[in-house]
1. Could you please find all residues in segment 196-212 being surrounded by fewer than 17 Cβ atoms within 10 Å (Cβ to Cβ) and under 19 Å from E253 (Cβ atoms)?
2. If we keep just the residues of segment 41-90 that are surrounded by 13 or more Cβ atoms within 10 Å (Cβ to Cβ) and among the acidic types (D, E), which is farthest from P116 (Cα to Cα)?
3. Give me the residue from segment 211-227 that is in a strand (DSSP E or B) and over 23 Å from the mean Cα position of the chain (by Cα) and, out of that set, modelled with the lowest pLDDT.
4. List every residue pair whose Cβ atoms lie under 7 Å apart, where the two residues are 6 or more positions apart in sequence or sit on different chains, the first residue falls within segment 41-66 and is farther than 16 Å from V94 by Cα, and the second residue, located anywhere, is assigned to a loop (DSSP other than H, G, I, E, B).
5. Spot the failing condition for A163; the list is (1) more than 21 Å from the chain's Cα centre (by Cα); (2) part of a strand (DSSP E or B), and only one is missed.
6. Of the conditions (1) at pLDDT below 90; (2) under 19 Å from S214 (Cβ atoms), A163 fails just one. Which one is it?
7. Considering only residues that are in a strand (DSSP E or B), surrounded by fewer than 14 Cβ atoms within 10 Å (Cβ to Cβ) and aliphatic (A, V, I, L, M), which ones fall in segment 265-285?
8. Restricting attention to segment 286-303, which residues are assigned to a strand (DSSP E or B) and aliphatic (A, V, I, L, M)?
Amino acid sequence: MRNGSVTYARTEESERRTTAEGEIETQRVRMPSWVGDRRVLLEREVRTRKLADGTVEKEYVLKNPDGSDRLVPIEIIRERIKKNGDSTTVEREVLKPDFAGHWKPTRKESVTETGPQTSRQSVRQVREPTLAGEWKVVERQVTVESSSDDRRASHSVRQLPDAYGRLADYELRQERTTTIPGKEIREVNLRRRDFLDTDHPRFYLVERTVSEQSTSENGKVTLKSTTESDLLAGGATRNLSSGHPQVVEERIEESVPGEGGAGRMTVNVKERGVADPRMRPSYQVIQETDREGYVRQVFIPLR
């Protein structure tokens, strides 16, 4: 990434090998340090093992440099995935070291999916230990998905503790996608609880985005989207000057294919800013891909 005379670069590496117990994938991120050398600043090791009954066990070990520039583990995530017909259960446990260096669980998560792909329900629960050492549910999310040949829809309710410590609806999300020949229309509605109201929770509109994607005969793909919100564009600040949702972003994305896998994508975005409430051009992105798969992206601010 280049900004004026300053160039910032990052390299991501992935190494995969097979052992007698399963597969090990090592992911590394190299970035320039303060002395100028390109050292590994983050490493994650993923160990995958498949049991005889079809259960998949995974262990994620995240490592960061310590004061002596040695990579040491700072977090371990253990995951267990089990399938039984149309039902899939995922159990996940997060461990972190205490002051004495002993690994202790700090978070437990379970996800249960049931039903066929055309009508599926997912229940996600997150538990954390209390001061008394008991595990308490601190987050719950229920998602219902349905699909047909030309339509997909999902409805999700996420619950978090309210002012009295009881689980209450915090986030409501609805998605709907309709496909017709040469065109796809997608609508996303996201609402969240208004914390200014303690006893009777109200919800404000975070996002209502309507996107329309069309494909021409020459392969050109055009995606137009409009986003309404009670928040100002680019942040979590409420728009106190308006009593109803306003359009905060308009986005047009055009992708033109080239020969041999090459292509060019142009994105033009208009936003309603915090300091300037008018809809104005905000930025433009131009991305070019050559036949060998190399990508060059240019970000142009317009304000």
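The values are calculated or read from the model by the stated rules, or taken from the named source; none is laboratory data. This structure is a prediction, so every number in the text was calculated from the model and none was measured. Quick reminder, even Gly has a Cβ in these numbers, built from the backbone with ideal geometry, and neighbours come from all protein chains shown.
1. V210, E212, listed by residue number.
2. E43
3. Within segment 211-227, the first condition is being in a strand (DSSP E or B), and the residues that meet it are 211-215, 221-227.
Narrowing further to those that are over 23 Å from the mean Cα position of the chain (by Cα): 214-215, 221-222.
Working: S214: 95, T215: 92, V221: 95, T222: 96.
Per the criteria, the residue is T215.
4. Once the first residue is farther than 16 Å from V94 by Cα and sits in segment 41-66, its partners that are assigned to a loop (DSSP other than H, G, I, E, B) give T48/G22; R49/E21; R49/G22; K50/G22.
5. Just one mismatch for A163, condition (2).
6. A163 satisfies all of (1) at pLDDT below 90; (2) under 19 Å from S214 (Cβ atoms) except (2).
7. Result: no residue meets the conditions.
8. Restricting attention to segment 286-303, the residues satisfying the condition of being assigned to a strand (DSSP E or B) are 286-289, 295-301.
The answer is I286, V295, V298, I300.
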